[in-house]
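The values are calculated or read from the model by the stated rules, or taken from the named source; none is laboratory data. For clarity, every value in this text was computed on a predicted model and none was experimentally measured. Counting neighbours? That spans all protein chains shown, and the Cβs are built from the backbone with ideal geometry, glycine included.
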Amino acid sequence: MKGEGLKSENPHIRAASLADAEALASCIDAAYAKYAIRISDMPPVSDGIAEEITNNQVWVVVEDGEIIAGLFLVPKDCFMKLANLAVHPNHGGKGIGRKLIELSESEARRQRYDEMRLNTHVDMPENVQLYQHLGWIEISRRENTVSMTKRLRNA
């Protein structure tokens, strides 16, 4: 989907709008396609994007007018949940995922949270390793879910 405004050589991050829902869903489907092959119980990861944009905190990464990544945060009572982070496979390895994780932590701090949590799938070990490398700690495994947390230092 083409975004409004100027094209940019460098990707930029902005808040998602309802107009982004279809393109963001396509990006998410592409990002999770490699996992769908190995995970038989993969939920429909791109369902309800418009509702997510309306009800939660969603950002997109746009490059040359196309959505190439997305981030979904859900504020909870005592922590900020990183609900989804997806980077289109054609744009992997560029540090976009890391930038979105940094944004999630920055937003959580700005909103006065001192803890973040996320869940990932046991059959996505590369995700678990990335989060561990970035300071997240695994707190439990239940069935196919790996739960992780990260304590944030507030300035």
> When you look at Ser140, is it surrounded by fewer than 16 Cβ atoms within 10 Å (Cβ to Cβ), among the small types (Gly, Ala, Ser), in contact (Cβ under 8 Å) with a residue 24 or more places away in the chain and under 16 Å from Lys81 (Cα atoms), yes or no?
Replying inline: no
> Given the conditions (1) more than 16 Å from Ala31 (Cα to Cα); (2) crowded, with 18+ Cβ neighbours inside 10 Å; (3) of a type in the set (S, T, N, Q), which single one is not true for Ser106?
Replying inline: (2)
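Yes/no per residue for (1) among the hydrophobic types (A, V, I, L, M, F, W, C); (2) within 21 Å of Asn56 (Cβ to Cβ):
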residue: Gly93; (1), (2): no, no
residue: Arg112; (1), (2): no, yes
residue: Thr120; (1), (2): no, yes
residue: Ile137; (1), (2): yes, no
> With respect to the numbered conditions (1) of a type in the set (S, T, N, Q); (2) within 14 Å of the chain's Cα centre (by Cα); (3) modelled with pLDDT of 95 or more, which one is the sole condition not fulfilled by Ser46?
Replying inline: (3)
> Which of the residues that make up region 32-57 are surrounded by 19 or more Cβ atoms within 10 Å (Cβ to Cβ) and in contact with a helix residue (DSSP H, G or I) (Cβ under 6 Å, 6 or more places away or on another chain)?
Replying inline: Ser46, Ile49, Ile53
>> Which condition from (1) within 15 Å of the chain's Cα centre (by Cα); (2) more than 26 Å from His12 (Cα to Cα); (3) without any contact (Cβ under 8 Å) to a residue 60 or more places away in the chain is the one that Met80 breaks?
In response: (2)
> Out of the residues in region 109-137 that are among the hydrophobic types (A, V, I, L, M, F, W, C) and closer than 17 Å to Arg98 by Cα, which is surrounded by the fewest Cβ atoms within 10 Å (Cβ to Cβ)?
Replying inline: Ile137
> Which of the residues spanning region 136-155 are part of a strand (DSSP E or B) and farther than 19 Å from Gln111 by Cβ?
Replying inline: Ile137, Glu138, Ile139, Ser140, Arg141, Arg142, Thr145, Val146, Ser147, Met148
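Yes/no matrix, rows are residues, columns are (1) among the aromatic types (Phe, Trp, Tyr); (2) under 15 Å from the mean Cα position of the chain (by Cα):
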{"site": "Leu71", "(1), (2)": "no, yes"}
{"site": "Lys76", "(1), (2)": "no, no"}
{"site": "Gly97", "(1), (2)": "no, yes"}
{"site": "Tyr113", "(1), (2)": "yes, no"}
{"site": "His133", "(1), (2)": "no, no"}
{"site": "Glu138", "(1), (2)": "no, no"}
> Considering Lys94, Lys99, which residue is basic (Lys, Arg), more than 19 Å from Thr149 (Cα to Cα) and not in a strand (DSSP E or B)?
Replying inline: Lys94
